[in-house]
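> Pasting a structure below so you can have a look.
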Amino acid sequence: MKTINVGLIGFGTIGAGVAKILSDNQGIIQKRLGATVRLAKIADLDIETDRGVQIEDGVLTTSVDDIIDNPEIDIVIELIGGYEPARAFILKALNNGKHVVTANKALLAKHGDELFGVVDEKRLSIGFEASIGGAIPIIRSIREAFVANRIQSIEGIVNGTANYILSKMSDENCDFDVALKEAQEKGFAEADPTFDIEGIDSAHKITVLARLAYGASVKCEDVSISGITNITAEDIECAREFGYRIKLLAISKCDGESIDIRVHPAMIPSDHPMANVNGVLNAIRVCDDMMDENILVGHGAGALPTGSAVVGDVIEIARNIISNAQDRVPASSFQNSEIKPIPLKDISTIESEYFLRFNIQDKPGVLSKISGVLGNHGISIESMIQRERGEKGDAVSLVMMCHRSSEKNIQNALKEIEQLDMVCGKSNLIRVEK
Ligand code: HSE
């Protein structure tokens, strides 16, 4: 039986998951592949800590060159994350003729054009199913199952940490800081959770998805991003009263000419299938001209779900090696020469329904002033809640749902409203996605 040799760079949580899957499920992999996948080398700076997986003598090394320059290795798995040295390792592996599997969405979002260009030039494969949605086979679905379809939109809950925090705030009516602390204690959030809670991780993922879905080379720094740190337990409670749930959504919509691409908290109707995707689960919704919509739901993170996506890519590449097939499925789902920059819509040009929350002094006339400003900007109020009065003199929350209007009008109105004497501090805006 043929053996495919694999080198793993990065023996952290997911790396340990990959090693466990390749060891525990070796039998079923052999039965399906007709070959053996052998974890020949694992490189990490720490080769002492026990990861709970049996590793043969001579496999662990502190030198990445033992993998990248090793003529026996067919496939290099990069699981160290970040930009450098991950980029340098992947480029060197490709230049040495090795196929690559990675879970590194930040790297692909920033250096996708360069990396996919080298993969194409060298006629090698790069697998990155694990970079988006963990175990959800979204990349394989776009590249293969939906290959004949014109994708119109792809959007979803692609960050498990943010979804866990919002779900906890919703279930337990607790504040953001309490939910974040618990997520960190349970190991769902990193010690530095910035990328997850500020929407940056979701922006990396939607940048990569836009490439696959529309053939678009998007600069991730051009994606409009806002995270979940301004969401309060009260926003969640009011959303519920209006019949919505709040989720951090990564959104992209392509009309053929331009792409509306953004990450922000959004209100979605409580009966929408994605409204009930809770905890660390992810959901990705694809709409196209042939199948209408398709929603994929699954574990977006974790050693074994993400590890299984990595191993799935390894086996796919192993099949190509065994059958001598070169670049059978293009990495970006389009031929590399067809990947083009497509103009991005400025967020000020979108239209939406809006949820607005103001902190106001509960005095006569305040409501008519606020509704007057909204009216002057052509914004119509659909419904409204004023929370109960607190102690005398305390600010109270005034919450409104507004009919569809332009983002530009809403932003101009908010600037004006925030200047009013009776309005305290910044207001909060949440877009509604239906
Ligand atoms: N930090 C990511 C999340 C995990 O919370 O979803 C992998 O992308």
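> Please report Phe195, Phe358 as a ranked list, fewest other C-beta atoms within 10 angstrom at the top and most at the bottom.
Values: Phe195 18, Phe358 25.
Taking fewest neighbouring Cβ atoms as first place, the list is Phe195, Phe358.
> What number, rounded to the nearest 500 deg cm²/dmol, is the helix-based mean residue ellipticity at 222 nm of the chain, given -39500 (n - 2.57) per DSSP H run of at least four residues and division by all its residues?
Values: 13 runs with 147 residues, N = 434.
That calculation yields -10500 deg cm²/dmol at 222 nm.
> Mind sorting Met400, Met1, Met422 by how few other Cβ atoms lie within 10 Å of their own Cβ, fewest first? Numbers along the way, then the final one.
Values: Met400 23, Met1 7, Met422 18.
With the sparsest Cβ surroundings first, the list reads Met1, Met422, Met400.
> What list of whole percents do you get for P(r) of segment 282-326, with Cα-Cα distances grouped in 10 Å bins up to the one holding the largest distance?
Distribution as computed: 23, 28, 34, 15 percent.
> In addition: Tell me, Thr161, Thr62 in order of fewest to most beta-carbon neighbours within 10 Å? Walk me through the numbers before you get to the answer.
Numbers: Thr161 23, Thr62 10.
Ordered from fewest to most neighbouring Cβ atoms within 10 Å, Thr161, Thr62 come out as Thr62, Thr161.
> Mind computing the radius of gyration and Dmax over the alpha-carbon atoms of segment 139-299? Å is fine for both.
When restricted to the Cα atoms of segment 139-299, Rg and Dmax are 15.7, 46 Å.
> Can you give the Kirkwood hydrodynamic radius of the chain from its Cα pairs, in Å with one decimal? Before the final figure, lay out the partial values.
On the way: mean 1/r = 0.0430 Å⁻¹.
About 23.3 Å for the chain.
> Same structure, new question: Can you run the Rg to Rh ratio on segment 348-432? Use alpha carbon positions and the Kirkwood inverse-distance Rh.
Values: Rg = 12.3 Å, Rh = 12.9 Å.
So for segment 348-432, dividing Rg by the Kirkwood Rh gives 0.96.
> Distance between the C-alpha centers of segment 1-62 and segment 306-356? Whole Å please.
Spelled out, the Cα-based centre of one part sits 26 Å from the other.
> Let me ask something else about it. Please turn the phi angles of segment 205-218 into ³J(HN,Hα) values with the Karplus equation 6.51 cos²θ - 1.76 cosθ + 1.60 (θ = phi - 60°), one per residue in order, whole Hz, x for glycine and proline.
Ordered by residue, 3J(HN,Hα) equals 5, 6, 4, 5, 5, 5, 4, 6, 7, 10, x, 9, 8, 10 Hz.
Values in this text are rule-based calculations from the coordinates and carry no lab data. All values reported here derive from a predicted model rather than from experimental measurement. Cβ atoms come from the backbone with ideal geometry, glycine included; neighbour counts cover every protein chain shown.
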